[in-house]
Structures are given as structure tokens and as C-alpha cells.
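Report on one structure; see the data block that follows.
The values are calculated or read from the model by the stated rules, or taken from the named source; none is laboratory data. These numbers were taken from a predicted model, which means no experiment stands behind them. Here Cβ is always computed from backbone atoms with ideal geometry, including for glycine, and neighbour counts include all displayed protein chains. To get the accessible areas, we keep the full protein, side chains included, count just its heavy atoms, and leave off ligands, DNA and RNA. Shrake-Rupley method; radii C 1.70, N 1.55, O 1.52, S 1.80 Å.
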Amino acid sequence: MYQIRWAEGAWALLVLLSAVLMACGLADTFTFIVEPPTYPVGHRLVLLGALGFAGAAVWVWLRGGALWVKVLTALPAVVVGGLALQFEDGGWGWLTGIFLIPAALAAMLAHLRHPAGVARHLA
């Protein structure tokens with residue numbers, strides 16, 4: 001029987017909320033022709049999602065997760081958030097978000113299934 005502790009559950013909720021914010025923001029800013037009227041709101045959602053991913057990366061770093069979980073949690077904040085700041089009108093943030101947001105969610109699920117910190121204390 002797998003038990004999810006409160007700290008890991010709260011961390012997972014932060015990752016999930018960050019993924020939803022960033023995905024909704026990327027969907028709102030995606031366009032081919034003209035700038036949509038809600039573009040500034042979508043851009044803010046992307047940046048809030050990046051801030052949430054950065055907080056989740058710091059949290060897993062302090063709690064002692066595996067290195068690949070730390071990296072995959074921080075990548076959406078650094079890459080997608082950085083591209084959103086650098087290229088506001090470009091599609092690079094949207095293109096990288098397609099791959100990095102699911103990767104961060106997969107890392108979250110893998111960390112919940114086998115947390116490295118718990119395995120270290122049991123040994």
C-alpha cells in the first residue's frame with residue numbers, strides 16, 4: 001500500500017496547479033495571425049505558472065528528491081517562463097511547453113510513487 005505524505009501531496013498540488021496555470025496561459029496566448037484581446041492575461045498566467053514551477057523545484061530540492069525530478073520540475077519555469085519573458089509574441093514558449101509540462105507532471109507522478117527521500121531513510 002502506497003502512502004502519500006502531506007508534504008508530498010502539497011508539493012504535487014503545487015506542480016499540478018502550476019501546470020494548469022501555464023497550460024491555460026499558453027493556450028490563451030497561442031495565435032497565428034493577430035494578438036487576441038486576452039493576450040496579457042494569458043501571458044500573466046504563463047508567468048504565474050513559471051513562478052509556481054520554480055517554487056516546486058525549490059521545494060523538491062530542499063526535501064531531497066532525485067536529481068532528475070528536480071531538473072524536470074525546474075525546466076518549465078526556466079525554459080517556458082524565460083521564453084515568455086524574452087519572446088512575448090513567439091511560439092517558442094508554446095512549443096517547449098508541449099513537451100516540458102507533461103515531463104514535469106510525469107516526474108511528479110514518479111516522485112509520488114517512489115520518493116527518494118523516503119527510500120533513503122528506510123535504508
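Which order do the peptides 94-103, 19-28 come out in when sorted by mean C-beta neighbours inside 10 angstrom, highest first? Intermediate results must be reported in sequence, preceding the final value.
Details: 94-103: 17.4, 19-28: 20.3.
Going by the mean number of other Cβ atoms within 10 Å, highest first, we get 19-28, 94-103.
Given a 1.4 angstrom probe, I'd like the percentage of the accessible area of the range 45-110 that is carbon and sulfur, rounded to a whole number. Please report the intermediate quantities before stating the final value.
On the way: 2680 of 3460 Å².
Reported share for carbon and sulfur atoms: 77 percent.
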